[in-house]
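The values are calculated or read from the model by the stated rules, or taken from the named source; none is laboratory data. Here the structure is a predicted model, which is why all the values come from computation and not from measurement. Counting neighbours? That spans all protein chains shown, and the Cβs are built from the backbone with ideal geometry, glycine included. Areas reflect the complete protein model, heavy atoms only, side chains present, ligands, DNA and RNA absent. Shrake-Rupley method; radii C 1.70, N 1.55, O 1.52, S 1.80 Å.
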Amino acid sequence: EEMKQLRSIILECGLTEEFKWRKPCYTFKGRNIIIIQPFNKYLAVMFFKGVLLEDKENILVKPGENSQTQRQIRFTNVEEIKETETILKAYIREAMEKSEVEVETEEKPAIEIPEELQQIFKEMPSFEVAFHALTPGRQRGYLIYFSKSKQSKTRTARIEKYIEKIMDGKGLND
């Protein structure tokens, strides 16, 4: 019900509805503006260039610690969406106006390839090819996840768990 309500509000703003990353995504002049993201505890409208929005109502949230430009508005029920409709539409209009503005992002530091992953690359050259065929963001996601483990056996177990997914060209959260 929440998704239907959000969809209705978004379409009233004149955005084009598409389906990207298995989610409803809304564009303006060919540029991604927002996407609806369902999570277990809430539903979010994520603005791709949310960092550019003024956020006078102080309702935008950074979706993750590594997010640079995206910002979300989170909802837990239809009533919250209805109460925020006017504000949401204003934020959408502002995002549309700023859709052609380029966002400056920080250069992300390189992440070292863990020894365990290098070893598996040596044992399975096709796996290395598949890993390097992933988008830079997907590679980075895996490297961050694999590297967070303190113990070598945990890193190895994590890598082995995701071999099939990587071979299929999928990211950590796909």
1/(1 + (r/R0)^6) with r = Cβ-Cβ of Glu12 and Thr135, R0 = 30 Å, i.e. FRET efficiency to nearest 0.05, evaluates to 0.35
Asn173 and Glu160 label points (each 7 Å along its Cα→Cβ direction) are spaced in nm at 2.7
With DSSP loop assignment and no more than 10 other C-beta atoms within 10 Å, the trypsin sites (Lys or Arg not before Pro) in the stretch 1-53 are Arg22, Lys29, Lys41
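Using only alpha carbon pairs under 8 Å that are at least six residues apart, calculate the relative contact order of the stretch 49-154 and give it in whole percent.
Once normalised by length, the contact order is 22 percent.
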Only helices counted: for the chain, with every DSSP H run of 4 or more residues adding -39500 (n - 2.57) and the sum spread over all residues, [θ] at 222 nm is -14000 deg cm²/dmol
1/(1 + (r/R0)^6) with r = Cβ-Cβ of Ile111 and Met3, R0 = 41 Å, i.e. FRET efficiency to nearest 0.05, evaluates to 0.75
With 0.36 nm assigned to each residue of separation and the Cα-Cα distance removed, Lys82 to Asn58 gains 6.9 nm
note: the stretch 71-120, Cα-Cα separations exceeding 17 Å make up a percent value of 64
Once both label points are put 7 Å beyond Cα along the C-beta direction, the Ser147-Arg31 separation in nm becomes 3.2
Residue ranges of DSSP H helices in the chain that stretch 27 Å or more (Cα, own long axis) and have mean Kyte-Doolittle hydropathy of at least -0.5 are 78-97
On each of the three principal axes the extent of the alpha-carbon atoms of the stretch 3-80, given in whole Å and largest first, is 28, 28, 26
With all protein chains in place and a 1.4 Å probe, Glu97 shows an accessible area in Å² (nearest 10) of 150
Taking the alpha-carbon centre of each part, the distance from the stretch 104-132 to the stretch 55-100 in Å is 35
Residue span Tyr42 to Thr69: 0.36 nm per residue of separation minus Cα-Cα distance leaves a gain in nm of 7.7 nm
For the stretch 70-112, the charge dipole (Cβ of Lys, Arg +1; Cβ of Asp, Glu -1; about the Cα centre) points to a positive end, and the Cα of Gln70, Leu88, Ser99 closest to that extreme belongs to Leu88
Of every Cα-Cα pair in the chain, the percentage lying beyond 21 Å is 57
Under the rule rounded for a/c under 1.5, else prolate if a/b exceeds b/c, else oblate, using alpha carbon gyration tensor axes a ≥ b ≥ c, the stretch 109-174 is classed as rounded
From the cross-link list Lys49/Lys98; Lys29/Lys170; Lys62/Lys161; Lys122/Lys153; Lys20/Lys41; Lys20/Lys98, the entries with a Cα-Cα span beyond 19 Å are Lys29/Lys170; Lys62/Lys161; Lys20/Lys41; Lys20/Lys98
